[in-house]
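The values are calculated or read from the model by the stated rules, or taken from the named source; none is laboratory data. Keep in mind that this is a model prediction, so the values were computed, not measured. All Cβ positions, glycine included, derive from the backbone under ideal geometry; neighbour counts span all protein chains shown. Ligands, DNA and RNA are stripped out before the accessible areas are found, and what is left, the full protein with its side chains, is counted by its heavy atoms. Shrake-Rupley method; radii C 1.70, N 1.55, O 1.52, S 1.80 Å.
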Amino acid sequence: MKNNLVLSAIMAFTILFQVSCTKKIPTDLTKTSFIPKPVSVVATGETFELTRSTVVYYQEGVEGLQQTAQYLTVELNRIGGITPTVNSTAEAPASGIYLSVGDHGQELGEEGYVLNIGKKVINISANRVAGCFFGIQTLLQTMPAGQTTALPIEIATGTIRDFPEFGYRGAMLDVARHFFSVQDVKRFIDFLAAYKMNVLHLHLSDDQGWRIEIKSWPKLTEIGGSTEVGGGEGGFYTQEQYTEIVNYALERNITIIPEIDMPGHTNAALASYAELNCNGKATELYTGIEVGFSTLCTRKEITYQFVDDVVREISAITPGPYFHIGGDESLVTPLDDYVYFINRVQDIVVKYGKKVIGWDEIAHATLVDGATVQFWADVNNTKMAVGKGAKVIMSPAKKAYLDMKYDSTTHLGLHWAGYIEVDTAYIWDPASYVAGITKENILGIESPLWSETVTNIDEIEYMAFPRLPGYAEIGWTAPDARNWDEYKQRLAQHGKRFEAMNIDFYRSPLVPWEQ
Ligand code: TNX
């Protein structure tokens, strides 16, 4: 009897010990490693318990909010294996997770949100549905990185108020030099969504490949889509597949920006249609990685019929406001011809209801109202564009190029713009990077991933991670709230998130990853 008592005491003690030591109950929300760093986090020191019976509610009558609620349940299922009920409601519930849209003031803007985690209820509220989506991403970062069976999931209570520094936070994927499947692009979209990026720019054509079906010019994909760098089989998206990508992105609050690069970088088109060449002869397909040797024939009328058809067909399946006309490295197009071409092409883009984006070289043309230049190399071009009233997307190659090697030992990538270690990628401010170009001129930031050396999704992951979350933070978090030494600690915590997502990432020695 006495022995039994002692035994039960030991057992009780052991259980207590296990509970208190093996399960750290999170109670301090400010300790969570959020990326991007939110504007403000206030902890209230308690815990919300997410269980199998937690219901996800959304405010009734708000277009798009049900879809956002569904997105949350899919993620909760992935993490905790639970399938929460989704209900619409007219009144704020007393328990569960509640998404709502209302007037939360100008400061929160189009994308800001308030995430309030109470003991019984989690409220995500915003001016717009987009804000609720970003609030969900923040909430997900309070949960275990990967799948867990340890229910309930405990979440520290408190309030996060948050909004982005820039409205344009993007990445670019070059699907022309190497082609990537719809499935790969969707996975890349998921990466962007997890870090609150809202733009995916698809580089759909280049010398080595034409990657989007154009029904009125079918040889573009039949011939121009048939290979890639290194001579592989290439590929292209049918218009239906492109639409599938656009819709997948839309559900994650991401705008697809299609780019048809012209008048240079057009060998795939020139090989497909002889009439686009000034000498009337089709070129050979190209599978190398040189740039600057091709040009459309800018003084032939058929060229503008071609551009008109391409812009018309792509614009019709692109809900986003932009069309990117490329315009970079047209080294064999005389400047007069280049300016004439860019001017005519801008008018075509406007005619089909889209806003023009081009690489910084398009500054030489007469820019249409609402044009945006993407700064990648030339400060003078960019300033000239701003002088002509254009806005700027910041993609300085020395800082923002995801295809640059991390250091001299990186087996993938190029290094013409330098080596870009994770700290180099993080430590810069778009609004002060170029003297004379200030926040008012800048839409935001984009990190391009050119694919001359990148051939599959694992290699995409290796070049994008861990730099991509840093670019996301530069786009979202104000410069005075950013600091590399503090950021690298948070980034280290995301290593287990990358692992849980099966992301093949570069374990930079500059980041104190957990072992
Ligand atoms: C420059 S950036 C290019 C691309 C290459 C890239 C490789 C830009 C507008 N043009 O054609 O793929 O360098 O880093």
Which net charge results for the neighbourhood of R312, defined as the other residues with beta-carbon distances under 14 angstrom from its beta-carbon, given Lys and Arg at +1 and Asp and Glu at -1? -2
Taking a crude spin-label model, label points 7 Å out from Cα along the C-beta direction, the N279 to K120 distance in nm is 8.0 nm
By the gyration tensor of its Cα atoms, with a ≥ b ≥ c the square roots of the eigenvalues, what is the shape of region 440-515: rounded for a/c under 1.5, prolate for a/b over b/c, or oblate? oblate
Pairs from K351/K391; K37/K383; K354/K405; K186/K388; K31/K398 whose Cα-Cα separation, in the structure shown, is over 25 Å: K37/K383; K354/K405; K186/K388; K31/K398
Hey, can you find the accessible area per residue of region 168-500 for me, probe 1.4 Å, expressed in square angstrom? 33 Å²
How much accessible area per residue does region 23-162 have, counting only protein heavy atoms and a probe of 1.4 Å, in square angstrom? 44 Å²
What does the accessible area of V114 come to, in Å² to the nearest 10, when a probe of 1.4 Å is used? 30 Å²
The chain: C-alpha gyration tensor shape, a/c 1.5 cut-off, then a/b vs b/c: prolate
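Any idea what the relative contact order of region 94-158 is, in percent, if you count C-alpha pairs under 8 Å spaced at least 6 apart?
32 percent
What net charge is computed for the residues neighbouring E499, neighbours being all others with C-beta under 11 Å from the C-beta of E499, Lys and Arg scored +1, Asp and Glu -1?
+1
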At what distance in angstrom do the alpha carbon centres of region 290-329 and region 395-449 lie from each other? 27 Å
Hey, can you rank 347-358, 250-261, 464-475 by average C-beta count inside 10 Å, highest first? 464-475, 250-261, 347-358
Could you order peptides 299-305, 222-228 by the average number of other Cβ atoms within 10 Å of their residues, highest first? 222-228, 299-305
May I ask you to give the percent of accessible area on the chain that is carbon plus sulfur, with a probe radius of 1.4 Å? 53 percent
Region 25-133: GluC sites (Glu not before Pro) in DSSP coil with no more than 15 other Cβ atoms inside 10 Å: E60, E63, E91, E110
Sites T51 and D407 - FRET efficiency at Förster radius 45 Å, r taken between beta-carbons, to 0.05: 0.45
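Using r as the Cβ-Cβ distance of A492 and D336, and R0 as 51 Å, what FRET efficiency do you calculate, to the nearest 0.05?
For R0 = 51 Å, the calculated efficiency reads 0.45.
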Out of region 412-447, which chymotrypsin sites (Phe, Trp or Tyr not before Pro) are coil in DSSP terms and have no more than 11 other C-beta atoms within 10 Å? W416
Distance from the Cα centre of region 206-239 to that of region 500-515, in angstrom? 35 Å
Cα gyration tensor, region 23-162 - rounded (a/c under 1.5), prolate or oblate: oblate
Charge tally for neighbours of N123 with beta carbon under 13 Å away, counting Lys, Arg as +1 and Asp, Glu as -1, is +2
